[in-house]
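Report on the following structure.
Derivation of every value follows stated rules applied to the coordinates shown; laboratory data play no part. These figures come from a predicted structure and were not determined experimentally. All Cβ positions, glycine included, derive from the backbone under ideal geometry; neighbour counts span all protein chains shown.
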Amino acid sequence: MNAGSSSIKTALFDGALSETLRIEATGIGGAGALKVADTSQSVDLPDNASALAAIIEALEQQGIALTDLRCVAHRVVHGGTDLTTAQLITPQIRQQIADCIPLAPLHNPHHLAAIDAVQKVAPDLPQCASFDTAFHATIPTVAHRFALPNQPDLTGLRRYGFHGTSYAALTRKLPEHSGTLPRRLLALHLGNGASLCAIKDGQSIATTMGYSPLGGLTMGTRAGEIDAGAVLALVRMRGLDEADHLLHHQSGLLGLSGLSADMRTLESSETPEARFAIEHFCYWITRQAGSMIAALGGLDAIAFTGGIGENSHLVQSTVLENLRWMGDVPSYIVPAEEELHIAREAHGLLDQT
Ligand code: ADP
């Protein structure tokens, strides 16, 4: 289960970890849609509780009660510095996820709401959590620490990194394409949110997202890399709330193009602004790739994943062309299998108990 602010996406797996069904509720907060396998219907989804109820009802219509399941496994964006592996959710783990709300105010509350709602309907059903930050626990201090003074209330201000579920799944899947796992791998997760990860011997050693999922690359609506002085100036000009909204929801591809956050829409548009937005997206991938490659001390392979990474030939070819100075490095497209990874982690936890 991947519960966000405007959508709840679920995938059902059997005991052999084969995906058997997908149910997604989107457009929560208004006129929403419920998609069961390939069939979508419009439904009123005023809030998350109604979306979850609609998902549970759709499951029941397929002959499956929530209580029939072995486990509900959640994607949780932030696990802070302590939750660095998947966890069986106990009251203590639930509290630790709640303690991370200040670090991920747009995400963790929705995960908790889903966890609580499932617990209410099926109190004895085990629930697990896989954390987006966990894969990056191997990043060395020199890479994750900001150059801030050593004061106790500032220790949480560090780079965490995100999309870890996607990078972990990619690291596992890539050898099916490449034979062995490349030693120095540049992984690109390019979707609405986008980041790069430097993966050395299967472990994250650097990533472009930092304290929050706002950092790094130009994204659908998020600004990505912007220096702290500019952020402070923006806050002075517009106030905190408006600056926050602008950086998260009105910037990135949407802000640059004035048209759309959606890569497909931009690719089919002829306007100079849409073209510039794509150029900006690819340029900053290239610039930040240079930083990841330096951290790796060279490069053995490149792997693309995510909606744009897997599907946009324009972005793939532009980035590869921009990185041609690296020499002939093999590149791969690896479909994101985040749900399978989460299910696999939950399986592993339940087998231990
Ligand atoms: P999220 O980060 O919300 O999970 P996705 O990984 O699904 O998002 O990526 C969504 C992005 O992928 C959108 O910008 C969409 O336009 C883009 N995308 C999907 N298919 C294509 C395609 N065939 N060509 C170009 N872009 C695509």
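Numbers at a glance
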{"item": "Along the chain, longest interval not containing exposed GluC sites (Glu not before Pro), exposed being DSSP loop plus at most 15 other Cβ atoms within 10 Å", "result": "1-224"}
{"item": "Highest to lowest packing among 139-147, 110-118, 153-161, scored as the average C-beta count within 10 Å", "result": "110-118, 153-161, 139-147"}
{"item": "Likely footprinting exposure, THR271, THR208, fewest C-beta neighbours within 10 Å first", "result": "THR271, THR208"}
{"item": "Computed over the chain, Cα set: Rg, Dmax in Å", "result": "20.3, 58"}
{"item": "Among SER312, VAL231, ALA274 the positive-end extreme of the charge dipole of the chain (Cβ point charges)", "result": "VAL231"}
{"item": "Local net charge near ALA261, Cβ-Cβ under 15 Å (Lys/Arg +1, Asp/Glu -1)", "result": "-1"}
{"item": "Charge dipole of the chain about the Cα centre (unit charges at C-beta), most positive-ward option of GLY215, LEU246, PRO109", "result": "GLY215"}
{"item": "Anchor LYS200: aspartates and glutamates whose Cα lies under 14 Å away (excluding residues fewer than 8 positions away in-chain)", "result": "ASP300"}
{"item": "Student exercise, the range 84-230 dipole from Lys, Arg, Asp, Glu Cβ charges, in Debye to nearest 20", "result": "340"}
{"item": "Under 16 Å from the Cα of LYS120 - aspartates and glutamates, other chains or at least 8 residues apart", "result": "GLU57, ASP68"}
{"item": "The chain - mean residue ellipticity at 222 nm from DSSP helices (-39,500 (n - 2.57) per run, n ≥ 4, rounded to 500)", "result": "-12000 deg cm²/dmol"}
{"item": "Fewest-first sequence of MET1, MET326, MET219 by Cβ atoms within 10 Å of each Cβ", "result": "MET326, MET1, MET219"}
{"item": "Exposure proxy ranking, count of Cβ atoms within 10 Å, fewest first, for THR218, THR67, THR305", "result": "THR67, THR218, THR305"}
{"item": "Net charge of Cβ neighbours under 12 Å - reference ARG172; Lys, Arg +1; Asp, Glu -1", "result": "-2"}
